[in-house]
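Chemist: Structure in C-alpha cells, see below.
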Amino acid sequence: MSDALIRPARPEDASAVVALRALVYPYLVRGVESTRRMIVQPPPGEDWAAWVAEADGRLVGWVSAYRNSQTSTPGVGEVSTLHVDPAHRRRGVGTALLDAALGHLRRIGATRVLIHCRTESLPFARRHGFTPSRELRYSALDLRPAPPMPEPPPGVRLLPAAGVDPRRIHRADAESSLDEPGDVPTDVLGYDLWHHEVWDNPGLDRQASTVAEVDGEVVALSLVKRDGDRMWSDFTGTVPGHRGRGLGRLTKQAALHRAAAAGVRIAYTSNDEANAPMLAINARLGYRPVDSQWSCRRRLS
C-alpha cells in the first residue's frame, strides 16, 4: 500500500515536477513553462492526463498517460516517464501511479500499452505484465568548446528555424520520421497537432533549431528544446530523397553550434538501438552514452 496521496496534476506542480525529473532523469529536458503548459493545455486528441504523488507535503512521484495519435495502429496508449523520488521507492508509489495511468488508458479505450523504463526497473515492469521490447540509448555532449559551424556544400543553406515557414518544417519533419524505428509504425503527424506539440512548445529554441534548404525546399532539420543551459535534440532527420549526403549531421552540428553560442552547455539526445545512421552521427559529433531505457509492451484488458 502506498503511503502517498495520488492525485491529478495541477499547473502549480510544474516546478516540483521539473525538480523531480532532474533528480530521477537528469538527461531529460523539459522546463517549468513547458511542463505547466502540458498540464494546462494537453495535446488535442490524445486524451492526455497526469498524476502526482504527494508524501509529507512534498511531490515524490509523477506519471502521464495518453493515446498515441502518431500511429494508425488502433488502441495504442502510452505511459510516459514514471518518476518516483529514490527516497520513496519500494513503498508502492510507483505501482499506485501506474494503476492510475492504466485506469485512464482503459477508460479511453486503449487495448495495448507502451512504457519506457531503465534497465534497473525492468523487474518492476515485468511484475506488472510488461515485456521488454527495444533499447533506447541516451547520450550527452559537452558543448564547451562549442562545435564549429559547419560549411555546407554548394547549393545547401543552413537556416535558423525561426525564419522559416513552420508548414515547410512540418512537411520535412513528417517525411523524415515515417521510417523511424519503434514499437508501432509512425504515421504523418497532422500539422495542427505538430504546431501545438512542437512549434508552440515554450521550450523550442527556434534560433538554435536549424533546417537545411536545397532549391527552396527544406530537406533536413534538427530541432532544439532548451531549459536554461541544457538542451534536448528533439528530432533530427532528412527527407528520404536527400539522404546519404551528410545533411543530417551538418544540420545537427549547426544547431549545436547555435545553441552553444546562446549559452547552452550540455546537449542530450536519444536513439533507438536500430537507428544506426543517427547513432553514427552522434558518435561522430562526440556524444557519449549516459543511460539506456527499454520500451516495454503489454495488452490491456
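Chemist: In the chain, what % of DSSP beta bridges are antiparallel (nearest 5)?
Modeler: DSSP beta bridges in the chain are roughly 90 percent antiparallel.
Chemist: With +1 on each Lys and Arg Cβ and -1 on each Asp and Glu Cβ, how big is the dipole of region 5-110 about its Cα centre, in debye rounded to the nearest 20?
Modeler: Magnitude of the dipole: close to 120 debye.
Chemist: Now for a separate question. Any idea what the dipole of region 140-292 comes to, in debye rounded to 20, about its Cα centre with Lys/Arg Cβ at +1 and Asp/Glu Cβ at -1?
Modeler: Result for region 140-292 is approximately 740 debye, rounded to the nearest 20.
Chemist: Tell me the net charge near ALA208. Cut-off is 14 Å between Cβ atoms, ALA208 excluded, with +1 for each Lys or Arg and -1 for each Asp or Glu.
Modeler: Net charge around ALA208: +3.
Chemist: Let me ask something additional. Among GLY45, PRO181, PRO202, which residue has its Cα furthest toward the positive end of the charge dipole of the chain, with +1 on Lys/Arg Cβ and -1 on Asp/Glu Cβ?
Modeler: The listed residue farthest towards the positive side: PRO181.
Chemist: Moving on. Enumerate the whole-percent occupancy of each 20 Å bin, from 0 to the last occupied one, for all C-alpha pair distances of the chain.
Modeler: 33, 59, 9, 0
Chemist: Under the rule of -39500 (n - 2.57) per DSSP H run of 4 or more residues, summed and divided by the residues of the chain, what mean residue ellipticity at 222 nm is obtained, to the nearest 500 deg cm²/dmol?
Modeler: After summing the helix terms and dividing by the residues of the chain, the value is -8000 deg cm²/dmol.
Chemist: Using a 10 Å cut-off around each Cβ, can you sort LEU143, LEU136, LEU178, LEU97 from fewest to most neighbouring Cβ atoms?
Modeler: Neighbour counts put them in this order, fewest first: LEU178, LEU136, LEU143, LEU97.
Chemist: Please report the net charge: other residues with Cβ closer than 15 Å to the Cβ of PRO8, K and R +1, D and E -1.
Modeler: In short, -1.
Chemist: Running a GNM on the chain with Cα contacts under 10 Å, which residue among VAL40, VAL224, VAL29 ends up with the highest mean-square fluctuation?
Modeler: Checking each option, the largest mean-square fluctuation is seen for VAL40.
Chemist: Compute the Cα gyration tensor for region 140-292, then decide on rounded, prolate or oblate, letting a ≥ b ≥ c be the square roots of its eigenvalues: rounded whenever a/c is under 1.5, prolate when a/b is larger than b/c in the other cases, and oblate in all that remain.
Modeler: Judged from the Cα gyration tensor, region 140-292 comes out rounded (a/c under 1.5).
Chemist: Could you give the size of the charge dipole of the chain about its Cα centre, using +1 on the Cβ of each K and R and -1 on the Cβ of each D and E, expressed in debye and rounded to the nearest 20?
Modeler: Magnitude of the dipole: close to 640 debye.
Chemist: Alpha carbon centre of region 263-301 versus region 97-141: separation in Å?
Modeler: Centre-to-centre distance over Cα atoms comes out at 17 Å.
Chemist: Of all beta bridges DSSP finds with both residues in region 24-167, what is the antiparallel percent, to the nearest 5?
Modeler: Once the DSSP bridges in region 24-167 are tallied, antiparallel ones form about 75 percent.
A short reminder: the numbers here are calculations on the coordinates, not readings from a lab. All figures in this text were calculated on a predicted structure; none of them were measured in a lab. Because the Cβ atoms are built from the backbone with ideal geometry, glycine has one as well, and the counts that use them run over all protein chains shown.
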